[in-house]
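Asker: The structure under discussion is supplied below as structure tokens; questions concerning it will follow.
The values are calculated or read from the model by the stated rules, or taken from the named source; none is laboratory data. Please read these numbers as outputs of a predicted model, since none were measured by experiment. Cβ sites come from the backbone with ideal geometry, for glycine too, and all protein chains shown count toward neighbours. Side chains included, ligands, DNA and RNA excluded: accessible areas come from the protein's heavy atoms. Shrake-Rupley method; radii C 1.70, N 1.55, O 1.52, S 1.80 Å.
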Amino acid sequence: MKALRKLYTANLDNEVVLFATNLKDFIEAFDKLEPAANVRNYAYYRREFMKTSIIPFTVKDNKIYNLQEVYKGD
């Protein structure tokens, strides 16, 4: 069994609506969850998560997701 290295979540109204252990898979799944939201590419989120662990993301109907890097094991 492999050790968990990273964990990403998308939170909406204090509930986890999406999670993944790989950032690329997480971004692809989030794009499917909100297809009209103009989700940016993997490289953008990788750079942003290097600066902060929570990225607020607002979609057209004013839902605010908090994209979060919950765990960063080394």
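Asker: I need the full set of residues from the stretch 12-28 which are open to solvent by less than 70 Å² (accessible area, probe 1.4 Å) and in contact with a strand residue (DSSP E or B) (Cβ under 7 Å, 6 or more places away or on another chain), in order please.
Answerer: Leu12, Val17, Leu18, Ala20, Leu23, Phe26
Asker: A further question follows. Determine if the stretch 29-42 includes at least one residue that is among the β-branched types (Val, Ile, Thr) and surrounded by 15 or more Cβ atoms within 10 Å (Cβ to Cβ).
Answerer: First, pick out the residues of the stretch 29-42 that are among the β-branched types (Val, Ile, Thr): 39.
If we keep only those that are surrounded by 15 or more Cβ atoms within 10 Å (Cβ to Cβ) as well, we get 39.
There is at least one residue in the stretch 29-42 that is among the β-branched types (Val, Ile, Thr) and surrounded by 15 or more Cβ atoms within 10 Å (Cβ to Cβ).
Asker: Next up: Every residue in the stretch 43-65 that is of a type outside the set (A, V, I, L, M, F, W, C) and open to solvent by 60 Å² or more (accessible area, probe 1.4 Å), please.
Answerer: The answer is Arg46, Arg47, Lys51, Pro56, Thr58, Lys60, Asp61, Asn62, Lys63.
Asker: Also: Looking at Leu23, Leu4, which one is in contact with a helix residue (DSSP H, G or I) (Cβ under 7 Å, 6 or more places away or on another chain) and not hydroxyl-bearing (Ser, Thr, Tyr)?
Answerer: The conditions single out Leu23.
Asker: Select from the stretch 5-20 the residues that are modelled with pLDDT under 95 and either farther than 15 Å from Gln68 by Cβ or of a type in the set (Ser, Thr, Tyr) (or both) and list them in ascending order.
Answerer: Passing the criteria: only Arg5.
Asker: In the stretch 34-74, which residues are without any contact (Cβ under 8 Å) to a residue 12 or more places away in the chain and part of a helix (DSSP H, G or I)?
Answerer: Residues satisfying the conditions are Ala43, Tyr44, Arg47, Glu48, Met50, Lys51.
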